[in-house]
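Trainee: Pasting a structure below so you can have a look.
The values are calculated or read from the model by the stated rules, or taken from the named source; none is laboratory data. The structure displayed is predicted, hence computed values, not measured ones. Here Cβ is always computed from backbone atoms with ideal geometry, including for glycine, and neighbour counts include all displayed protein chains. When the accessible area is computed, the model is the full protein with side chains, heavy atoms only, and any ligands, DNA or RNA have been set aside. Shrake-Rupley method; radii C 1.70, N 1.55, O 1.52, S 1.80 Å.
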Amino acid sequence: PCYSSLNGLPVHASKQYLTDLLRFDLHYRGYVVSDYGAIENAYRVQGIGESLAETGYRCLEAGVDVELASPSAYTEELLRMFEHGEADMSLLDEACERILAAKFRMGLFEHPYAMEDPSLIETFVPSDEDRSLSLQAARESIVLLKNNGVLPLAGKLRTIALIGPQGDNARYFFGGYTALSMLEKTIAKADSQAGVGGGGSVRDLQMDRIPGTTVQLDEDPAFDDLLHQMYPNCPSLRAELAARLPDTEIRYAPGYYAFGADESRFDEALAIARDADLVILTLGGKNGAGSIATMGEGVDGTDINLPKAQETFLARAAALGKPLIGVHLDGRPISSDNADRYLDAILECWNPAEYGAQAIVDVLTGVVNPSGKLPVSVAYSAGQLPVWYNHYNGSGWHTGAGTGFSEYVDRPHTPRYPFGFGLSYTAFQYRDLTLSAETVSPEETVEISCVVENTGNAAGTEVVQLYVRDPHASMQRPVQELAGFTRVSLQPGEARRITFVLSPKQLAFAEDYRRWLVERGEIQVRIGASSEDIRCTGAFRISENKWIATAQRPFWAESRVEEDEND
C-alpha cells in the first residue's frame with residue numbers, strides 16, 4: 001500500500017482495496033507489508049482510529065499482514081485485544097498463514113540463515129551475466145533527444161572540454177535507493193527516507209552547503225571512498241573518455257554546482273571551452289537520499305528545469321561558437337529552454353549506474369546507436385503539469401476542439417518531448433499496415449502488423465510502438481493508450497514485419513468497481529516511433545459487449561518479428 005488516501009480513507013486501512021480488489025478480484029496470494037511507518041502515520045497524521053492499537057486493528061482487518069519498519073501499532077496492546085476477545089482471531093490467523101506460506105515457498109524453514117561466510121557471495125554475485133545485463137541496460141536506456149549531426153563523434157578532435165560536476169565523479173551515475181545512495185545518506189547530515197524518524201528542517205543543520213542553497217556540499221572524500229569500496233572498477237566519464245580517446249586531450253572543469261545559481265566556477269570552465277574543439281557538458285543534479293541530494297525520496301523541488309547556474313552557463317558557452325553536447329544525469333528528465341536552444345545534441349542518460357561511463361561513451365562515439373525511448377511525457381515547466389500522453393478525450397492538449405483554448409499564452413499545451421520519443425543515428429520507415437480481421441469478438445484476437453525498414457546508413461534498433469484508441473464509448477476514454485512495443489535491430493536496407501497480437505480484453509475498462517467491460521464498437525490502431533510520431537493507422541471493430549473479471553484483463557499485446565521482408 002502507499003501513504004495516500006482514497007475516498008477519505010488511508011489505503012492501509014482500506015478493505016476495499018487490500019482485500020476486495022487485491023485478493024478477491026486480482027487473486028493475489030502473497031502477503032502485504034505496510035509502507036514504512038504508514039500505520040502510525042494513519043493514526044497520528046491522517047487521524048484514523050482512537051488509538052494506535054485500534055488503527056492497527058483496522059489495517060490488519062483491511063489486509064496489512066506486517067507492520068514495517070518497526071511495530072508501533074502491531075504491539076502488545078493489539079495483542080491484548082485478541083486475548084480479551086475484542087478482535088477477530090481469524091484475521092490474525094489469516095495474516096500468519098499468508099506469512100508462513102511465503103516463508104515455506106522461499107525455503108526459510110529448511111535454510112533459515114543467510115550465508116555465514118561472506119566470501120561465498122563472490123562466487124555468484126556479480127556474475128558475468130549480471131555485468132553484461134547492467135551494461136546492456138545502461139546502453140539501451142540512453143535517449144537521444146536532439147542531434148544536429150554532431151553525434152556520433154567523428155574526425156580528429158584535438159581537445160574536448162568536459163564541464164560539469166558529474167563529469168569527474170561516477171557517484172552521479174547512481175540513483176536513489178541504490179546501495180551506494182543508501183550508504184551515502186549515512187554520511188550525509190540528514191536522511192530523507194520515509195518512515196525512519198528524524199524531523200526538523202535541513203535549514204537548521206550546521207553543514208557546508210552548495211552556495212545559496214539548502215543542499216549539503218558532497219565534496220567530502222568519504223563519499224568518494226564509499227564509491228571506490230563498492231565499485232572499484234567504475235570510472236568517471238572523464239576517465240572513460242581519456243581511455244577511449246587516447247589521441248584527444250580531455251580538459252576538465254567543474255563549471256558549476258549540481259544545484260543553485262552560483263556562477264563562481266564559470267571562468268575556468270569557459271576558458272577551457274574557448275580553446276576546445278568540442279564541449280561536453282554534464283547537466284542535472286544529484287539523485288539520492290538525504291541532504292546531499294537535489295532530488296529523490298523526500299527531496300522535492302518546485303522547478304523541473306535545470307539548475308539556474310546551468311541554464312546561465314549554457315548561454316555563456318554557446319557564445320563561444322563551439323559544438324556543445326549535453327549529457328544529462330539525474331532522476332528526473334531534462335527540461336530546459338536553453339538546452340533546446342543552444343545544445344547541438346542532448347543525451348538523456350538518467351542514472352546509468354556502474355557501467356554508465358562506458359555506455360555514454362559508447363553512444364557518443366557511435367559504438368552503440370542509441371535506441372532509448374522516453375517512458376514519460378516531459379513538460380516545459382512545472383506550471384504545465386500534469387502532462388501525460390494518455391489523458392482522456394477532451395482533456396490535456398486536446399481541449400481545443402471543445403473549448404477553443406488550444407495553447408497557453410506563453411507555451412504550447414503539448415509536451416516538450418512526447419512519451420515514447422527518442423532519436424537514432426539512422427532512419428526507419430514504416431509501411432504496409434495489415435489487420436487479420438475487420439471484426440472480432442471479445443474472445444478472439446486481432447493481429448496487427450507493419451513493415452519497418454532501416455533506410456539510413458547505420459545499423460540501429462527501433463522500438464516499434466502500438467497505440468490503441470476507443471474514439472466513442474459509454475465512458476470517456478483516453479486519446480490513446482500504449483498497447484505494446486517491441487525492439488527490432490536492423491542493418492541498413494533491412495526490413496522486417498512486426499506483428500502484435502491484441503486481445504479485445506486488454507481494451508476493457510472499469511465501468512463499475514468490480515467488473516470490466518469489453519465494449520463493442522470501433523477501435524483505432526496506431527503504430528509509430530512515439531506517441532506523437534505515428535506512421536501507420538487502421539481500425540477494427542469489437543462485435544459485442546462482454547463483462548470480464550479483473551484478473552481476465554491482459555496488460556500487454558504480445559509481439560513477434562518476422563523474417564527479412566527484402567529476402
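Trainee: So which residues in the stretch 69-96 are among the aliphatic types (A, V, I, L, M) and surrounded by 15 or more Cβ atoms within 10 Å (Cβ to Cβ)?
Mentor: Residues satisfying the conditions are Ala69, Ala73, Leu78, Met81, Ala87, Leu91, Leu92, Ala95.
Trainee: Can you find, within the stretch 199-214, the residue that is modelled with the lowest pLDDT among those that are within 29 Å of Ser70 (Cα to Cα) and surrounded by 11 or more Cβ atoms within 10 Å (Cβ to Cβ)?
Mentor: Looking at the filtered set, the residue picked out is Val202.
Trainee: Pick from the stretch 26-43 the residues that are assigned to a helix (DSSP H, G or I) and open to solvent by less than 20 Å² (accessible area, probe 1.4 Å): which of them is nearest to Tyr3 (Cα to Cα)?
Mentor: The selected residue is Ala38.
Trainee: Another question, if that's okay. I'd like to know if the stretch 121-133 contains one or more residues that are in a loop (DSSP other than H, G, I, E, B), out of contact with any strand residue (DSSP E or B) (no Cβ under 8 Å at 6 or more places or on another chain) and surrounded by 10 or more Cβ atoms within 10 Å (Cβ to Cβ).
Mentor: Within the stretch 121-133 (the criterion being in a loop (DSSP other than H, G, I, E, B), out of contact with any strand residue (DSSP E or B) (no Cβ under 8 Å at 6 or more places or on another chain) and surrounded by 10 or more Cβ atoms within 10 Å (Cβ to Cβ)), the answer is yes, since at least one residue qualifies.
Trainee: So in the stretch 153-167, with the set limited to residues that are in contact (Cβ under 8 Å) with a residue 24 or more places away in the chain and surrounded by fewer than 18 Cβ atoms within 10 Å (Cβ to Cβ), which one is nearest to the chain's Cα centre (by Cα)?
Mentor: The extreme case among them is Ala154.
Trainee: Oh, and also: I want to confirm something. Restricting to the stretch 286-301 and keeping residues that are assigned to a loop (DSSP other than H, G, I, E, B) and open to solvent by 20 Å² or more (accessible area, probe 1.4 Å), which single residue is nearest to Gly255 (Cα to Cα)?
Mentor: So the residue we want is Gly301.
Trainee: May I pose another question? From the list Glu462, Glu444, exactly one residue is of a type in the set (Asp, Glu) and under 30 Å from Ile346 (Cα atoms). Which is it?
Mentor: Selected residue: Glu462, the only one of Glu462, Glu444 that is of a type in the set (Asp, Glu) and under 30 Å from Ile346 (Cα atoms).
Trainee: Further question: Has the stretch 223-241 got at least one residue that is within 26 Å of the chain's Cα centre (by Cα), assigned to a strand (DSSP E or B), among the polar types (S, T, N, Q) and surrounded by 14 or more Cβ atoms within 10 Å (Cβ to Cβ)?
Mentor: no
The rows are residues; the columns are (1) acidic (Asp, Glu); (2) under 30 Å from Arg416 (Cβ atoms); (3) in contact with a strand residue (DSSP E or B) (Cβ under 8 Å, 6 or more places away or on another chain).
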{"residue": "Asp533", "(1), (2), (3)": "yes, yes, no"}
{"residue": "Ser543", "(1), (2), (3)": "no, no, yes"}
{"residue": "Arg553", "(1), (2), (3)": "no, no, yes"}
{"residue": "Glu558", "(1), (2), (3)": "yes, no, yes"}
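Trainee: Look at the stretch 506-528 and say how many of its residues are farther than 16 Å from Met475 by Cβ and open to solvent by 10 Å² or more (accessible area, probe 1.4 Å).
Mentor: Total satisfying the criteria: 3.
Trainee: Separate question: Condition test on Tyr252, is it crowded, with 16+ Cβ neighbours inside 10 Å, assigned to a loop (DSSP other than H, G, I, E, B) and in contact (Cβ under 8 Å) with a residue 60 or more places away in the chain?
Mentor: No: the conditions fail for Tyr252.
Trainee: Follow-up. For the stretch 341-367, enumerate the residues that are part of a helix (DSSP H, G or I), open to solvent by less than 10 Å² (accessible area, probe 1.4 Å) and β-branched (Val, Ile, Thr).
Mentor: Ile360, Val361, Val363
Trainee: Only residues that are in a helix (DSSP H, G or I) and either under 26 Å from Thr414 (Cβ atoms) or open to solvent by 40 Å² or more (accessible area, probe 1.4 Å) (or both): list them for the stretch 302-340, please.
Mentor: Answer for the stretch 302-340, where residues must be in a helix (DSSP H, G or I) and either under 26 Å from Thr414 (Cβ atoms) or open to solvent by 40 Å² or more (accessible area, probe 1.4 Å) (or both): Lys308, Gln310, Glu311, Thr312, Leu314, Ala315, Arg316, Ala318, Asp337, Asn338, Ala339, Asp340.
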